[in-house]
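The values are calculated or read from the model by the stated rules, or taken from the named source; none is laboratory data. As the structure is a computational prediction, the values presented were derived from the model and not from experiment. Note that we place each Cβ from the backbone using ideal geometry, even for glycine, and neighbour counts take in every protein chain shown. All accessible areas refer to the heavy atoms of the entire protein, side chains included, with ligands and DNA or RNA removed. Shrake-Rupley method; radii C 1.70, N 1.55, O 1.52, S 1.80 Å.
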Amino acid sequence: MRRHHPSNGVVFFEGPSELDQSPIVAIATGIHIPSMNRKTGFMIQTWIMNAELPPLEAVRSGKDASVCGTCSLRGKEGKNRVCYVTLADVPNQIWRTWKKGKYPHISKVGWSIIENRSIRFGSYGDPVAVPGSLWVKLAVNSMNWTGYTHEWRNDNFQYLRHVVMASVETEKDAWEAQKKGWRTYRIRLPNEPLLPFESVCPASHEAEWKSSCFICHQCDGARFRDLRRSYAIMAHGSGKGAYERMRLSSRPSVLTVIQ
Ligand code: SF4
């Protein structure tokens, strides 16, 4: 007799993007078979994708703006790709499985499937693209969560600072986001020191991978009068070289500084 395997993913949003109103889909995976991602550990992963094109094609056509907004790491392919998410693998595969109708909607299987689970908000795609009420519902029903947005300057999404971290690249941006009430997660270059409010992310090469997000789960936004630390990590992964080139090319030249 053929055994029935429950789906390892569920759809929790299909509708217009909060960024540009294009159709998008948000899928949670790792429901039954957990993710083996070394940094996040056994977290449920969530994938926010343009609904019209698979992720790689969406990047090529610029339609990834519906889920990545103004993220400075967005777009580009091959050695020029800065974003650490490799689209050709997992996200493309998940998109195609969704297109075949193989993921049930979470309302059909019940929100209890995420009870006592740890969830990564936006394993690909910026959480702001999905209505905030859904992240709150996921947060309330889960054990804990982590999430990051590059849209922390956007007035429309300030409420999400209580749920996710501001993803920042420069010291200046980190200070600016902190002033706006966000906790921050910064990707720094090797010669950039920690800021007074930052600690080294424990799931990093420089911290010798002493923890994972599943255990740490500190990147869950800012509460009222939140005194917890913000975090920083050295550029890493497949986009490390491209990230360093992007950052160095956007720095003012020595001559500009002297003037
Ligand atoms: S600080 Fe903790 S939750 Fe945030 S990325 Fe690092 S390990 Fe994950």
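Key figures
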| read-out | value |
| --- | --- |
| Only one of S66, S112 that is surrounded by 15 or more Cβ atoms within 10 Å (Cβ to Cβ), touching a residue at least 24 places away in the same chain (Cβ under 8 Å) and either in a helix (DSSP H, G or I) or among the polar types (S, T, N, Q) (or both) | S66 |
| Residue within the stretch 169-181 that is within 26 Å of R245 (Cα to Cα) and either part of a strand (DSSP E or B) or in contact with an Asp or Glu (Cβ under 6 Å, 6 or more places away or on another chain) (or both) present | no |
| Single condition I44 does not satisfy, out of (1) of a type outside the set (K, R); (2) open to solvent by 70 Å² or more (accessible area, probe 1.4 Å); (3) within 16 Å of the ligand (Cβ to nearest atom); (4) modelled with pLDDT of 95 or more | (2) |
| Yes/no for S230 being closer than 26 Å to S35 by Cβ and surrounded by fewer than 23 Cβ atoms within 10 Å (Cβ to Cβ) | no |
| Positions within the stretch 211-227 being in a helix (DSSP H, G or I) and aromatic (F, W, Y), in sequence order | F214 |
| Complete set of residues in the stretch 229-245 that are more than 10 Å from the ligand (Cβ to nearest atom) and either within 21 Å of S118 (Cα to Cα) or in a loop (DSSP other than H, G, I, E, B) (or both) | A235, H236, G237, S238, G239 |
| Where E192 falls short, out of the listed (1) away from the ligand (no atom under 13 Å from the Cβ); (2) open to solvent by 30 Å² or more (accessible area, probe 1.4 Å) | (2) |
| Test: residue in the stretch 143-157 that is assigned to a helix (DSSP H, G or I), open to solvent by 20 Å² or more (accessible area, probe 1.4 Å) and modelled with pLDDT of 95 or more | yes |
| The stretch 201-230 residues that are more than 21 Å from I44 (Cα to Cα), paired with ones that are near the ligand (Cβ under 7 Å from one of its atoms) and open to solvent by less than 40 Å² (accessible area, probe 1.4 Å) (beta carbon under 7 Å, 6 or more apart) | A207/C201; S230/Y185 |
| Pick from the stretch 215-225, criterion more than 8 Å from the ligand (Cβ to nearest atom) and surrounded by 15 or more Cβ atoms within 10 Å (Cβ to Cβ), ranking: farthest from the chain's Cα centre (by Cα) | A222 |
| Answer residue from the stretch 79-108, given it is among the aliphatic types (A, V, I, L, M) and over 24 Å from F214 (Cα atoms) and is least open to solvent (accessible area, probe 1.4 Å) among those | V82 |
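Per-residue answers, yes or no, for (1) within 16 Å of the ligand (Cβ to nearest atom); (2) open to solvent by 10 Å² or more (accessible area, probe 1.4 Å); (3) in contact with a strand residue (DSSP E or B) (Cβ under 9 Å, 6 or more places away or on another chain):
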position	(1), (2), (3)
G181	no, yes, no
T184	yes, no, yes
S204	yes, no, yes
S211	yes, yes, no
L248	no, yes, no
